[in-house]
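Undergrad: Got a structure for you, written out below as structure tokens; questions coming shortly.
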Amino acid sequence: MPVLTLPGMLRAALATHRTPPPDPTPARPPVRVPAPRRPADVACPTASALAPIDPDPVPSAGPQAQGDVIVLPWPDFMSPHVRFLHTASAAPVGRAGLVLLDPHTLIAEHGGVFWSWWPDTGPTLGTLVVPAGTVARLGHDTHRDLRIAPGVYALRRQRREVSGRIEMAVD
């Protein structure tokens with residue numbers, strides 16, 4: 001080990017080993033599965049009995065509203081890290097459907113769809129992933145069912161202004 005000595009200075013030993021180069025592969029962010037804030041696996045007793053009320057003949061990939069819930073497409077360039085975390089932690093929606101807000105029920109109409117609850121109590125309920133070749137249906141007992149085309153969506157509660165305050169819409 002070389003030693004550096006300068007007049008009037010302290011002696012310092014110089015290390016000759018190199019620090020290994022950084023790993024060229026990008027670090028994958030850890031996947032954190034948020035704890036559900038609503039009963040995620042509660043079977044909906046009416047999901048199998050929900051007959052579509054005048055459903056759209058063609059699934060839509062655009063924004064759709066059903067009472068107090070709105071379905072918003074989530075393009076991959078908007079908040080890509082957050083989008084990745086929620087799509088990676090999405091769990092399959094069972095055959096019985098998934099109650100999002102009573103009486104809104106998410107149903108896998110053709111093939112498997114995936115859902116991830118958001119961990120806070122804000123207006124966003126969660127993330128819906130509809131793979132290619134599948135269709136999701138958002139069922140309701142008094143509104144027209146929404147058919148949702150393949151894509152990634154954020155499902156949110158609609159808000160309204162009442163006497164200068166913003167509050168969640170109630171269906």
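Undergrad: Taking all protein chains as present, what is the carbon and sulfur share of the accessible area of the range 91-154, in % to the nearest whole number, probe 1.4 Å? Don't skip to the answer; put the middle values down first.
TA: Details: 1370 of 2360 Å².
In the range 91-154, the share of accessible area belonging to carbon and sulfur is 58 percent.
Undergrad: Same structure, new question: Provide D68, D76, D102, D120 ordered by accessible surface of protein heavy atoms (probe 1.4 Å), highest first. Provide the component values of the computation, followed by the final result.
TA: Values: D68 10, D76 100, D102 140, D120 75 Å².
Descending accessible area places them as D102, D76, D120, D68.
Undergrad: Follow-up question, since we're still on this one. Which value, in Å², gives the accessible area per residue of the range 71-131 when a 1.4 Å probe is used on the protein heavy atoms? Present the calculation step by step, with values, prior to reporting the outcome.
TA: Details: 2750 Å² over 61 residues.
Per residue, the range 71-131 has 45 Å² of solvent-accessible surface.
Undergrad: Running Debye on the range 115-158 with equal point scatterers at the Cα sites and no solvent, what base-10 log of I(q)/I(0) appears at q = 0.15, 0.20, 0.24, 0.28 Å⁻¹?
TA: Scattering profile of the range 115-158, log10 relative to I(0): -0.42, -0.71, -0.92, -1.04.
Undergrad: Chymotrypsin sites (Phe, Trp or Tyr not before Pro), restricted to the range 77-150: which are DSSP loop and have at most 13 other Cβ atoms within 10 Å? The partial results should precede the final answer.
TA: On the way: sites: F77, F84, F114, W115, W117; in loops: F77.
Here the sparse-neighbourhood loop sites are F77.
The values are calculated or read from the model by the stated rules, or taken from the named source; none is laboratory data. Values in this document were obtained by computation on a predicted structure and should not be read as measured data. Cβ coordinates were reconstructed from backbone atoms using ideal geometry, including for glycine residues, and neighbour counts include every protein chain displayed. Please note that ligands, DNA and RNA were not included when accessible areas were found on the heavy atoms of the full protein model with its side chains. Shrake-Rupley method; radii C 1.70, N 1.55, O 1.52, S 1.80 Å.
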